[in-house]
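Working notes for the structure below.
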Amino acid sequence: MNKPSESVRINAERCKACGLCIHFCPKNALAQGDENNAMGYYVVRLEDDSRCNKCGLCQIICPDVAVTVSGKKPKSE
Ligand code: SF4
Ligand code: SF4
């Protein structure tokens, strides 16, 4: 079984710490990290993987394509 923590991956070098993914995560699972990348931005991290429901919103909303969510829930339309 995959750990939930492996479901959301942040590409640290792409993240500009805009905070959109943190703001829009419906489960409040993301947070500002305390490690900065080469551009000096504090990269977002998955704070509580047990809260993540793999909705994929953070991946969709990131303007810098820094987030990848594995095992996203299929969207019912
Ligand atoms: S997949 Fe959904 S619940 Fe999980 S961190 Fe991203 S926005 Fe939050
Ligand atoms: S939306 Fe993307 S660039 Fe903005 S804080 Fe989240 S991961 Fe970083």
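Here are the numbers for the structure shown:
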{"quantity": "All positions within the range 35-53 that are touching a Ser or Thr at 6+ places or on another chain (Cβ under 7 Å) and either surrounded by fewer than 17 Cβ atoms within 10 Å (Cβ to Cβ) or free of Cβ contacts under 8 Å to residues at least 40 places away in the same chain (or both)", "calculated": "ASP49"}
{"quantity": "Conditions (1) more than 7 Å from ligand 1 (Cβ to nearest atom); (2) more than 9 Å from the chain's Cα centre (by Cα): number failed by LYS54", "calculated": "(1)"}
{"quantity": "Top-ranked residue in the range 1-11 [being more than 9 Å from ligand 2 (Cβ to nearest atom) and out of contact with any Ser or Thr (no Cβ under 6 Å at 6 or more places or on another chain); ranked as modelled with the lowest pLDDT]", "calculated": "MET1"}
{"quantity": "Among (1) outside any loop (DSSP other than H, G, I, E, B); (2) loosely packed, with under 14 Cβ neighbours inside 10 Å; (3) not acidic (Asp, Glu) - the single one ASN28 does not satisfy", "calculated": "(1)"}
{"quantity": "Residue that is farthest from ligand 1 (Cβ to nearest atom), among those in the range 37-51 that are part of a loop (DSSP other than H, G, I, E, B) and under 13 Å from ASN11 (Cβ atoms)", "calculated": "ALA38"}
{"quantity": "Some residue of the range 14-35 being more than 11 Å from ligand 2 (Cβ to nearest atom), modelled with pLDDT of 95 or more, over 12 Å from ASP64 (Cβ atoms) and within 11 Å of the chain's Cα centre (by Cα)", "calculated": "yes"}
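The values are calculated or read from the model by the stated rules, or taken from the named source; none is laboratory data. On a predicted model such as this, the values are computed, not experimentally measured, just so you know. Note: ideal-geometry Cβ built from the backbone for every residue, glycine included; neighbour counts use all protein chains shown.
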